[in-house]
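The values are calculated or read from the model by the stated rules, or taken from the named source; none is laboratory data. The structure displayed is predicted, hence computed values, not measured ones. In this analysis, Cβ positions are derived from the backbone assuming ideal geometry, glycine residues included, and neighbour counts consider all displayed protein chains. Only protein heavy atoms, including side chains, enter the accessible area calculation; ligands, DNA and RNA are left aside. Shrake-Rupley method; radii C 1.70, N 1.55, O 1.52, S 1.80 Å.
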Amino acid sequence: MANYVNKRTAHRWRMLALMLTAVFFAFGSFWLLQAIQTEDPAGVGNTLNEPDYIVENFSFVRMTEAGVPRYVMSGARLAHHPENDVSEVSKPVVESIAPGRPRMTMHADRAQVYHGENRVELMGNVDIARPPTPTSEALRARTDALTVLADDEIVKTDRPVQMTLGAATANGIGLVAENPTQKLHLGGRGQIIYPPRQHAAPPQ
């Protein structure tokens, strides 16, 4: 009888030892996971910083609430980052094609598209062109960075700008152009140069 009791006691000790070992490994795994997450909060290898999709030679159209095109954006390459819903674009071209508005076209070396805000940041050799209309002259402007508020059809920058408006040329620091109203504001101590007036030929 004593031998049977000793076997039961030994069996219980073995079970207790196995349970303690399992608990130890469970806590060890939990501690290791916490340490990894503390060192790399975005995930092992920071995988969330990697693009979730890449598109070559892309083009997409932003529509108005009425279902008509507002602007078109195209480029050589688009890489979307899911952690902040921002796309990196190389060789972007943005064309404002809202109905009843003069078409404004913008080129740059690269861009960041903030999808949640419908905001585009153009960077590097930014070139803006707007054709003449019955109420405004042709516009051409160059700068090194430009913010495009697509829904409001407003472009702006606080960088140096070189601009031509019709036959006049202008330089300044900062620019705000509103496509719906065709208003233009050149900031800083800008300089505007108008060409000399053409004098009418004397009558023969």
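Sort out for me the strands (runs of 3 or more DSSP E) sitting completely within segment 69-120 that have 3 or more residues that are under 13 Å from the mean Cα position of the chain (by Cα).
Where strands (runs of 3 or more DSSP E) fall fully within segment 69-120 and carry at least 3 residues being under 13 Å from the mean Cα position of the chain (by Cα), they are 69-81, 86-90, 110-114.
Determine, yes or no, whether Arg62 is open to solvent by 30 Å² or more (accessible area, probe 1.4 Å), over 28 Å from Thr133 (Cα atoms) and not acidic (Asp, Glu).
no
Considering only residues that are under 20 Å from Ala145 (Cβ atoms) and of a type in the set (A, V, I, L, M), look in segment 90-115 and name the one that is most open to solvent (accessible area, probe 1.4 Å).
Only one residue tops the list, namely Val93.
Contact list please: Cβ distance under 6 Å, first residue in segment 132-147 and farther than 16 Å from Val93 by Cβ, second residue assigned to a loop (DSSP other than H, G, I, E, B) and of a type in the set (S, T, N, Q), pairs at least six apart or on different chains.
Correct list of pairs: Ser136/Gln182.
Under 9 Å by Cβ, and 6 or more places apart or on different chains, what pairs join a residue from segment 46-59 that is outside any strand (DSSP E or B) with one that is at pLDDT below 90?
Once the first residue is outside any strand (DSSP E or B) and sits in segment 46-59, its partners that are at pLDDT below 90 give Asn46/Asp40; Leu48/Ala42; Leu48/Glu83; Asn49/Ala42; Asn49/Gly43; Asn49/Glu83.
With respect to Arg77, is the statement that it is modelled with pLDDT of 95 or more and either closer than 19 Å to Thr143 by Cβ or open to solvent by less than 40 Å² (accessible area, probe 1.4 Å) (or both) true? Talk me through it step by step, then tell me what you get.
On the way: modelled with pLDDT of 95 or more: yes; either closer than 19 Å to Thr143 by Cβ or open to solvent by less than 40 Å² (accessible area, probe 1.4 Å) (or both): no.
Criteria not met by Arg77.
Table: residues versus (1) of a type in the set (Val, Ile, Thr); (2) at pLDDT 80 or above; (3) in contact with a helix residue (DSSP H, G or I) (Cβ under 9 Å, 6 or more places away or on another chain); (4) under 18 Å from Pro131 (Cβ atoms).
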| residue | (1), (2), (3), (4) |
| --- | --- |
| Leu146 | no, yes, no, no |
| Asp158 | no, yes, no, no |
| Met163 | no, yes, no, yes |
| Ile173 | yes, yes, no, no |
| Pro196 | no, no, no, no |
| Ala200 | no, no, no, no |
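When residues of segment 161-176 are filtered for being in contact (Cβ under 8 Å) with a residue 24 or more places away in the chain and touching a strand residue (DSSP E or B) at 6+ places or on another chain (Cβ under 7 Å), how many remain?
7
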